[in-house]
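Here is the structure we will look at, set down as structure tokens.
Throughout, read-outs are computed from the coordinates displayed, never taken from laboratory work. This structure is a prediction, so every number in the text was calculated from the model and none was measured. FYI the Cβ positions are ideal-geometry reconstructions off the backbone, even for glycines, and counts take in every protein chain you see.
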Amino acid sequence: MNICEEAKGAAAIGIGGHVRPDGDCVGSAMGLYLYLKKACPESRVQVFLEKPAEIFSCIAGLDEIHADFATDVEAFDLFIALDTSKERLGGAEKYFDEAKKTVNIDHHISNKGSGDVNYIMPKASSTSELIYNVIEDKALIDEEIAKALYIGMMHDTGVFQYSNTSPDTLKTAAELISYGFDFSRLIDETFYEKTYVQNQILGRALLESLLFMDGRCVVSMVDKKTMDFYRAVPADLDGIVNQLRNTRGVECAIFMYQTNVLEYKVSLRSNGKVDVAKVAEFFGGGGHMRAAGVTMPGTFHDIVNNLSGRIAEQLREKE
Ligand code: AMP
Ligand code: MN
Ligand code: MN
């Protein structure tokens, strides 16, 4: 795909990403936004995303995001959904539905393609890597665009460590760091650094974690009361599930936080044997083979029971 070809003649272009935007979502949306502003100066380009976490404030143009999902555009000539299918666009889904033409760029295996034109590459590390691919005129890339895309790739690959990191991922990252931003500082400040409160909740979640299925699964949970006590927002819980996955002998890690009286947002991580995208899809969520998510109704115990049934089934098939 050449994104400039797709954008040809579009007077109003909208860009959206998934609810609770992560590094890849913010990085790909802002990288594409900054690029389209340069490549299509005659088009009006607007980005619709929930307010990104404070750690992403180093990305250029963040204050131009329409975080309240308001616009004076009646119907976009082109709307581009990034890092998700249209169902998780939140307040931007209506603009996608009403747009004259839609493009969907994503790397989630669960995304069957919800645009008129789709570029869904489940093997790609991140949507940010795909944005680099759809930019044909690489000469227009500048330090700010490169930084945004690098942040997205770095976050979705766990600093180029997870198995979604390919030779192409590293070649793209190599190109991006040649623009000269301080990548080492970016990694520390956006990926590893945690606030005191974030570390406290992480500690608590690890302390209260439970091993089950003969030590092949681990689960932990943070309830609403605890979130309120620490004044924590969902983004403060990022990384907990990855730490759980690092437990020796564990094939599958489950972390959930309470979103309502009988509702939890569940994150799943696998060490390779269990395809957690399949598990999440079964309950209406999605993601990748080794990292997936879903929102589920019920008590903590109901949810663990339901998930472990699907996980055990996969482990039985493979052993
Ligand atoms: P999380 O554990 O929420 O960080 O999500 C892990 C991966 O699964 C990320 O790539 C998410 O974008 C994806 N994911 C999470 N929730 C959903 C969902 N409800 N539907 C589709 N993909 C999801
Ligand atoms: Mn994402
Ligand atoms: Mn992603």
**Request:** Relative to the longest principal axis of the C-alpha atoms of the chain, give the angle of the C-alpha long axis of helix 167-177, reported between 0 and 90° and rounded to the nearest 10°.
**Result:** 60
**Complete:** Computed Rg/Rh for region 197-318 (Cα atoms; Rh = Kirkwood radius) stands at 0.94
**Complete:** Given a Förster distance of 51 Å, the FRET efficiency implied by the Cβ-Cβ spacing of Lys100 and Val159, rounded to the nearest 0.05, works out to 0.80
**Asked** Counting other Cβ atoms within 10 Å, which chymotrypsin sites (Phe, Trp or Tyr not before Pro) in region 232-319 have at most 14 and lie in a DSSP loop?
**Response** none
**Asked** Could you give the nm distance between label points at Leu262 and Tyr230, where each point is 7 Å from its Cα heading toward the beta carbon?
**Response** 2.7
**Message:** Using only DSSP helix segments of four residues or longer, with each worth -39500 (n - 2.57), what per-residue ellipticity at 222 nm results for the chain after dividing by its residue count and rounding to 500?
**Reply:** -10500 deg cm²/dmol
**Prompt:** When DSSP assigns beta bridges and you keep just the ones with both residues in the chain, what percent turn out antiparallel, to the nearest 5?
**Reply:** 45
**Item:** Nearest 10 degrees, 0 to 90: helix 300-318 Cα axis against the chain principal axis
**Value:** 90
**Angle between the chain longest axis and helix 196-207 axis [Cα atoms, degrees, rounded to 10]** = 40
**Fill in**
Of the listed pairs Lys8/Lys86; Lys171/Lys318; Lys37/Lys147; Lys37/Lys86, those with alpha carbons more than 28 Å apart are Lys171/Lys318
**Message:** Could you tell me the calculated FRET efficiency between Cys58 and Lys194, based on Cβ-Cβ distance and R0 = 22 angstrom, to the nearest 0.05?
**Reply:** 0.85
**Message:** So, R0 is 22 Å and r is the distance between the beta-carbons of Ala11 and Asp116; what FRET efficiency does that work out to, to 0.05?
**Reply:** 0.80
**Prompt:** If we count every other residue with Cβ under 13 angstrom of Ala67's Cβ, Lys/Arg +1 and Asp/Glu -1, where does the sum land?
**Reply:** -2
